[in-house]
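**Student:** Pasting in a structure now, in structure tokens, and then I'll have a few things to ask.
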Amino acid sequence: MSIITAEPATPLRLTGIRKKFGGIVAIEQFDLDVGAGEIVALVGDNGAGKSTLIKIISGLYQPSEGEISLNGEPVVFRDASDAREKGVEVVYQDLALVPEQPVYMNMFLGRELTKGPIGILDRKGMAKQTQELVDTLDVRIPSARATLSDLSGGQRQGIAICRATHWASGIVLLDEPTAALGVAETAKVEELIVKLKERGMAVLIVSHNMDQVFRIADRVSVLRRGTQVATKKLSDTSHNEVVAMITGLVS
Ligand SMILES: Nc1ncnc2c1ncn2[C@@H]1O[C@H](COP(=O)(O)OP(=O)(O)O)[C@@H](O)[C@H]1O
Ligand SMILES: [Mg+2]
């Protein structure tokens, strides 16, 4: 007797994505699946098209051609908030947070909890949920009520990733999340990214840091001047090979 189980749909599938800005082709043709509990690194030199691709998946840009599917369903994002509503969250290098606000307000930015008939801010509720989330993900901050600007860069990036985890229903995109951080802070943020994977998220991370790619990713996809060179399991490639694919120079 056999038990038939349906294959779960891939959280994120990109098929034949192409992007032109006027006459310039920023992305030639891009195909990628990112599975649940998988980290895929997107690498390439400056101007290769990495951020453009992240912006397409997060609804900021429309692809010129091609299709995005979430959990097996083709989607068209009207804008970034539409993509967020459909479960795609993004973390940028330049921390899209509000420094003068408390941590809990940053966690709920644009999606604040309210209470009562006139909808006053439920600060207590937001602070409580924020504290639970940072505790769960082991992000050490003085308090959910601390002002964001009093935290270190690593703590702030930790908050940005907690926010993405809280709101994402499956897909987290990270565009150079550790580019502005020191070594110790980078290590903490990498731990957090691995936790996203353990929670079953589909994670796509843009990184310049090849050691980081080999430390945390399962697969790597290489873009060179808008062309997808290859997608490989990290266990099937080497540092040198990835660098050769990025630069187009075979060493
Ligand atoms: N809004 C835009 N308008 C015109 N060209 C753009 C725009 N955004 C990106 N590009 C171009 O697309 C290419 C890829 O850029 P980008 O995705 O930012 O690269 P990366 O993130 O890999 O460094 C570059 O040639 C860049 O100049
Ligand atoms: Mg970029």
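**Student:** Checking Ile24 against (1) among the β-branched types (Val, Ile, Thr); (2) more than 27 Å from Gly158 (Cβ to Cβ); (3) away from ligand 2 (no atom under 16 Å from the Cβ); (4) more than 19 Å from the chain's Cα centre (by Cα), which single condition isn't satisfied?
**Tutor:** Of (1) among the β-branched types (Val, Ile, Thr); (2) more than 27 Å from Gly158 (Cβ to Cβ); (3) away from ligand 2 (no atom under 16 Å from the Cβ); (4) more than 19 Å from the chain's Cα centre (by Cα), only one is false for Ile24: (3).
**Student:** Another question about this same structure. I'd like the full set of residues that are more than 16 Å from ligand 1 (Cβ to nearest atom) and among the aliphatic types (A, V, I, L, M), limited to segment 205-229.
**Tutor:** Ile216, Ala217
**Student:** Modelled with pLDDT under 95, not in a loop (DSSP other than H, G, I, E, B) and not hydroxyl-bearing (Ser, Thr, Tyr), is that true of Ala179?
**Tutor:** Judged against the criteria, Ala179 is not a match.
**Student:** Further question on the same structure: Among the candidates Leu137, Leu173, Leu133, which residue alone is at pLDDT 90 or above and on the phi < 0 side of the Ramachandran plot?
**Tutor:** Leu173 is the lone residue from the list that is at pLDDT 90 or above and on the phi < 0 side of the Ramachandran plot.
**Student:** Right, here's the next one. Checking Leu60 against (1) out of contact with any Asp or Glu (no Cβ under 8 Å at 6 or more places or on another chain); (2) closer than 29 Å to Arg225 by Cβ, which test does it fail?
**Tutor:** (1) is the only condition that Leu60 fails.
**Student:** If you don't mind, another one. When only residues in segment 60-90 that are among the aliphatic types (A, V, I, L, M) and within 16 Å of ligand 2 (Cβ to nearest atom) count, which is nearest to Ala36 (Cα to Cα)?
**Tutor:** In this case the residue turns out to be Val90.
**Student:** Please work out which one of (1) closer than 26 Å to Gly44 by Cβ; (2) among the small types (Gly, Ala, Ser); (3) surrounded by fewer than 17 Cβ atoms within 10 Å (Cβ to Cβ) is the condition Ala83 fails and give its number.
**Tutor:** All conditions pass for Ala83, except number (3).
**Student:** Six or more apart or on different chains, Cβ under 8 Å: which pairs go from a residue in segment 39-59 that's in contact (Cβ under 8 Å) with a residue 24 or more places away in the chain and within 11 Å of ligand 2 (Cβ to nearest atom) to one that's among the acidic types (Asp, Glu) and not in a loop (DSSP other than H, G, I, E, B)? Could you list them?
**Tutor:** Listed by first residue and then by second, the contacts come to Lys50/Asp175; Ser51/Asp175; Ile54/Asp175.
**Student:** Residues that are polar (S, T, N, Q), at least 1 per element: which strands (runs of 3 or more DSSP E) completely within segment 40-153 meet that?
**Tutor:** 65-70
**Student:** I'm checking my understanding of the structure. Among residues of segment 44-75 that are more than 15 Å from ligand 1 (Cβ to nearest atom) and not acidic (Asp, Glu), which one is nearest to Glu28 (Cα to Cα)?
**Tutor:** So, considering only residues that are more than 15 Å from ligand 1 (Cβ to nearest atom) and not acidic (Asp, Glu), the one nearest to Glu28 (Cα to Cα) is Gly66.
The values are calculated or read from the model by the stated rules, or taken from the named source; none is laboratory data. Everything quoted here is computed from the prediction, not taken from an experiment. Cβ sites come from the backbone with ideal geometry, for glycine too, and all protein chains shown count toward neighbours.
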